[in-house]
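This report refers to the structure that appears directly beneath it.
The values are calculated or read from the model by the stated rules, or taken from the named source; none is laboratory data. Keep in mind that this is a model prediction, so the values were computed, not measured. Every residue, glycine among them, receives a Cβ derived from its backbone with ideal geometry; neighbour counts consider all protein chains shown. With ligands, DNA and RNA removed, areas are computed over all heavy atoms of the protein, side chains included. Shrake-Rupley method; radii C 1.70, N 1.55, O 1.52, S 1.80 Å.
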Amino acid sequence: PFDVLIVGGGPAGAAAAVYAARKGIRTGIASERFGGQVLDTLGIENFISVKETEGPKFAMALEEHVRHYDVEIVNLQRAKALRPNGKLVEVELESGASLKGRTVILSTGARWRTLNVPGEQEYRNKGVTFCPHCDGPLFKGKPVAVVGGGNSGVEAAIDLAGIVKHVTLVEFGTELRADAVLQRKLKSLPNVDVILDAQTTEVAGDGQKVNALVYQDRASGEERRVPVEGVFVQIGLVPNTEWLKGTLELSKHGEIVVDARGQTSAPGVFAAGDCTTVPFKQIIIAAGDGAKAALGAFDHLIRS
Ligand code: FAD
């Protein structure tokens, strides 16, 4: 068995692997797609000490750093079940094989909920984005739309209003679902319009870039067009934890509940990054979190 078995090869898993291997303990990392979400990212400008890089380049650097150490990498493997049985934790893979660890670190990340409307995929990274912290500055001085009136949508609109020219927030329901204090702040901003009861039906563009958001007014059935250069989709983040339901404590959003050391509800099972309850889903946060979970796991090993 591994001393530390990591499931998920994004920034959190890679950092956990480096930290664990540097303790001289037997470390393995199984992942479906090494690199994780950064593989789908164009520019990264907020990983401190790296002024700018590209997602695939960053993913390669993660893998290179991990390979520099004695880490067993099991690529292209999807985990389907976790069995914390006493001293050893077993991870069953979809291939039918199973791996065992004295401790396990789960770092399976998350994916953004998508609108599934025409143009959304076509214009991804050409105006359609999911991360205001990452891409807000790209739309400086331009009009944008935010889709989603929950906390993340309203926070995004407030954040963007300070950078872009104008924000149109589009919400499907008849009212915003964000906390009252956020709604008050939003209403105080001069360059934000809120459109309620509106179903986004298309992200339109000229073939190269986004130029409008199209929605249907659900009350009248009429179709309307908002000219924008950016569309921020903020309708939820879905953690990749479906396979853990019933085994570990998850939040109501499906995130793995962890304590300050990354410990989950099962002894010897740790978790890090976007798949957990840790607030703010960012590369640098996931990486720091992975390091923390590895140290937590090491601490657990020397005590048991
Ligand atoms: P992930 O990166 O999601 O990695 C999860 C890993 O787990 C992957 O290897 C995946 O294949 C694997 N996995 C999932 N399920 C299983 C399973 N059942 N079995 C085995 N393996 C599994 N953040 C920034 O800080 N700056 C940015 O500029 C930025 N831009 C972004 C742009 C885009 C388009 C996207 C999608 C995200 C962006 N983010 C950005 C967010 C950032 O990518 C994430 O916060 C970060 O990647 C989270 O790291 P993670 O290791 O927790 O999870």
(request) Would you kindly derive the ³J(HN,Hα) couplings of the stretch 191-199 from the backbone phi angles with the Karplus curve 6.51 cos²θ - 1.76 cosθ + 1.60 (θ = phi - 60°), listing them in order in whole Hz, with x for Gly and Pro? (result) 9, 10, 10, 10, 10, 9, 6, 10, 9
(message) Viscosity 1.002 mPa s, temperature 20 °C: what is the translational diffusion coefficient of the chain from Stokes-Einstein with a Kirkwood Rh over Cα pairs, rounded to a whole number of µm²/s?
(response) 105
(message) Just to check I understand the Karplus step: with θ = phi - 60° and J = 6.51 cos²θ - 1.76 cosθ + 1.60, what whole-Hz values come out for the stretch 136-150, glycine and proline as x?
(response) x, x, 5, 10, 3, x, 10, x, 9, 10, 10, 9, x, x, x
(message) Going through the cross-link list Lys51/Lys245; Lys57/Lys185; Lys80/Lys126; Lys126/Lys165; Lys140/Lys281, which pairs have a Cα-Cα distance over 27 Å in this structure?
(response) Lys51/Lys245; Lys57/Lys185; Lys80/Lys126
(request) Quantify, in whole percent, the carbon and sulfur part of the accessible surface of the chain (1.4 Å probe; protein heavy atoms only). (result) 51
(request) Take every DSSP beta bridge with both residues inside the stretch 71-152 and express the antiparallel ones as a percent of the total, to the nearest 5. (result) 90
(request) Apply the Kirkwood formula to the stretch 62-210: the hydrodynamic radius equals the inverse of the mean of 1/r over all pairs of different alpha-carbon atoms; give it in Å with one decimal. (result) 18.8
(message) Using the Cα centre of the chain as the reference point, and only Cβ charges (+1 on K/R, -1 on D/E), how large is the resulting charge dipole? Debye, rounded to the nearest 20.
(response) 700
(message) List the GluC sites (Glu not before Pro) within the stretch 1-81 that DSSP assigns to loop and that have no more than 10 neighbouring Cβ atoms inside 10 Å.
(response) Glu52
(request) Give the ranking of Tyr69, Tyr215 by solvent-accessible surface, highest area first, calculated with a 1.4 Å probe. (result) Tyr69, Tyr215
(message) Run the simple label-point estimate for Lys100 and Gln208 please: 7 Å along Cα→C-beta, distance reported in nm.
(response) 6.0
(request) Tell me which residues come under 5 Å, amide H to amide H, from Gly150 once H is placed; ignore anything under 5 positions away on its chain. (result) Arg177
(message) Once R0 is set to 45 Å, what does the formula 1/(1 + (r/R0)^6) return for the Cβ-Cβ distance between Lys80 and Phe280, expressed as a FRET efficiency to the nearest 0.05?
(response) 0.95
(message) Suppose R0 equals 41 Å. What FRET efficiency, 1/(1 + (r/R0)^6) with r the Cβ-Cβ distance, do Met60 and Lys142 give to the nearest 0.05?
(response) 0.85
(request) Quick one: work out the % antiparallel among DSSP beta bridges in the stretch 11-76, nearest 5. (result) 40
(request) Calculate the length of the line joining the C-alpha centroid of the stretch 214-267 to that of the stretch 1-33, in whole Å. (result) 26
(request) Take every DSSP beta bridge whose two residues both sit in the chain, then give the antiparallel share in percent to the nearest 5. (result) 45
(message) Below 12 angstrom from the Cβ of Tyr215, what's the summed charge of the other residues (Lys, Arg +1; Asp, Glu -1)?
(response) -3
(message) Suppose each label sits 7 Å from its Cα in the direction of the beta carbon; what would the Ser49-Arg261 distance come out to in nanometres?
(response) 2.6
(request) Calculate the spin-label point distance for Lys187 paired with His133, positioning each point 7 Å from the Cα along the beta-carbon direction, and give it in nanometres. (result) 2.9
(request) List the DSSP H helices in the chain whose Cα atoms stretch 24 Å or more along the helix axis and whose mean Kyte-Doolittle hydropathy is at least 0.5. (result) 283-303
(message) Just to confirm, what accessible area per residue do you get for the chain at 1.4 Å probe, in whole Å²?
(response) 49
(message) Using amide H atoms built in the peptide plane, which far-off residues or other-chain residues are under 5 Å from Ile105 H to H?
(response) Leu5, Ile6, Val7, Phe270
